[in-house]
1. One residue is enough: does the range 153-163 have a residue meeting the conditions polar (S, T, N, Q) and surrounded by fewer than 17 Cβ atoms within 10 Å (Cβ to Cβ)?
2. For the range 163-198, what are the residues that are outside any loop (DSSP other than H, G, I, E, B), touching a strand residue (DSSP E or B) at 6+ places or on another chain (Cβ under 9 Å) and not β-branched (Val, Ile, Thr)?
3. State whether one or more residues within the range 176-185 are touching a Cys at 6+ places or on another chain (Cβ under 6 Å) and of a type outside the set (D, E, K, R).
4. Can you go through Gly274, Gly251, Gly306, Gly262 and tell me which one is out of contact with any helix residue (DSSP H, G or I) (no Cβ under 9 Å at 6 or more places or on another chain) and on the phi > 0 side of the Ramachandran plot?
5. For Gly284, which of the numbered conditions (1) in a loop (DSSP other than H, G, I, E, B); (2) within 22 Å of Asp352 (Cβ to Cβ); (3) not acidic (Asp, Glu) fails to hold?
6. Give the residue, chosen from Val31, Val5, Val83, that is surrounded by 23 or more Cβ atoms within 10 Å (Cβ to Cβ) and more than 30 Å from Glu337 (Cβ to Cβ).
7. Answer yes or no: is there a residue in the range 157-175 that is modelled with pLDDT under 95 and of a type in the set (D, E, K, R).
8. Go through the range 90-133 and report how many residues are farther than 14 Å from Lys10 by Cα, of a type outside the set (Phe, Trp, Tyr) and not in a helix (DSSP H, G or I).
Amino acid sequence: MAWLVLEDGKAFAGEEIGFWPAAYPPRGGEVVFNTSSSGYQEMITDLAYAGQILTFTHPQIGNYGWHREENEAGKILLKGLIVRELSAGEGSFHADGSLEDYCRKHKIAGLKGVDTRALTRYLAKYGYRLGVLVKERGAGERFWQEHPPEVFRPARPLVYQAGTAEEYLIPGSGPVLALLDLGVKRNLLRCLQQRGYCLYVLPAGTPAEEILALKPQGLVISNGPGAPTELPEIAAQISKVFSRLPILGIGLGHQLIALAAGGETYQLLCGHRGNYPVQSSLTGRATMTTQNHGYAVRRDTLRGTGLQVLYTNLNDGTVEGLSHQKYNILAVEFYPEGAPGPENEAVFTRFDQMVRGRAVHA
């Protein structure tokens, strides 16, 4: 038996899965949950989960094995996994191995047999909690007695671990885009490639002058981990290109665009991770989206920024998308490349119109 012990002392028991060496030090991070019923590979390799312990609410995880081509990144920054029931074996015929094989190989610790319903209800009620994975409950309790919550705060924001360290080029026959990599998903890159774009993928801290020197026809600011307020230097560079390029922001990129324009963000009680309905202010239509974010844009701070709300979450009324009244700027909290609904394709279509000079600002 092993344990997840939260910073407030609440503990959940389970069985060890994945990587648990004999001398295993406590490993921890923010404990979050995702309500999706599929896509565990994409979640585990989504760098927006960097520094977090991910709980799956779906009762059985791992039933179709592990397929390398579904990975969203070439590195793993997740701190742990919590599941109710772990499917043994490799699942489907073409799988490269099992979920637990992947966890062992990439040194991811986890627990199975956990009452994930109770854990999810606890997090939904009390919100943000840090937790540690330990072999003995007492070890976790002592850990929190001896360490402040800041123990898991990285010395540098996580986007600098998640994103590329060096610029690289993905050739294409169409317009040139610069992409600021804060922890980009491979599927986003694929979607842009499918539309013919030539992509300069840039480190998170790239100055505006270096972006513009590439003479791109648009800028994409990717998804990524961490709090947007910890990245004022990136927001400052984004603000310098507002009037110079069409811009698309996704996830953390959406939040940084709001900060760059003068808006504010805040931390949600337990975040949006899973499938959520959003409504377009342009069409009035509602659609399902795939989301993974713990922060949101504060609606009442947008006055005077030039930004207007384009999408709203139908569950809690939070801001899910923005456009600019003057500049060609489009930003969404959800993952348009996840494509669970038709409105997601409209995001890429709208940005493509901006880049090719056929867009309106409203």
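The values are calculated or read from the model by the stated rules, or taken from the named source; none is laboratory data. Being a predicted model, the structure only gives us computed values, none of them experimental. Here the Cβ is made from the backbone with ideal geometry for all residues, glycine too, and neighbour counts use every protein chain on show.
1. At the first step, the residues of the range 153-163 found to be polar (S, T, N, Q) are 161.
In the following step, the residues that additionally are surrounded by fewer than 17 Cβ atoms within 10 Å (Cβ to Cβ) were identified as none.
No: the range 153-163 contains no residue that is polar (S, T, N, Q) and surrounded by fewer than 17 Cβ atoms within 10 Å (Cβ to Cβ).
2. Residues of the range 163-198 outside any loop (DSSP other than H, G, I, E, B): 168-170, 176-180, 186-194, 198.
After this cut, where a residue has to be touching a strand residue (DSSP E or B) at 6+ places or on another chain (Cβ under 9 Å) as well, the list is 168-170, 176-180, 188-189, 192-193, 198.
Tyr168, Leu169, Leu177, Ala178, Leu179, Leu180, Leu188, Leu189, Leu192, Gln193, Cys198, listed by residue number.
3. Filtering the range 176-185 for residues touching a Cys at 6+ places or on another chain (Cβ under 6 Å) gives 176.
Filter again for of a type outside the set (D, E, K, R), leaving 176.
The answer is yes, given that some residue of the range 176-185 is touching a Cys at 6+ places or on another chain (Cβ under 6 Å) and of a type outside the set (D, E, K, R).
4. That would be Gly274, the only listed residue that is out of contact with any helix residue (DSSP H, G or I) (no Cβ under 9 Å at 6 or more places or on another chain) and on the phi > 0 side of the Ramachandran plot.
5. Going through the list (1) in a loop (DSSP other than H, G, I, E, B); (2) within 22 Å of Asp352 (Cβ to Cβ); (3) not acidic (Asp, Glu), Gly284 breaks only (2).
6. None of the other options fit; the residue is Val5.
7. Within the range 157-175 (the criterion being modelled with pLDDT under 95 and of a type in the set (D, E, K, R)), the answer is no, since none of the residues qualifies.
8. 16
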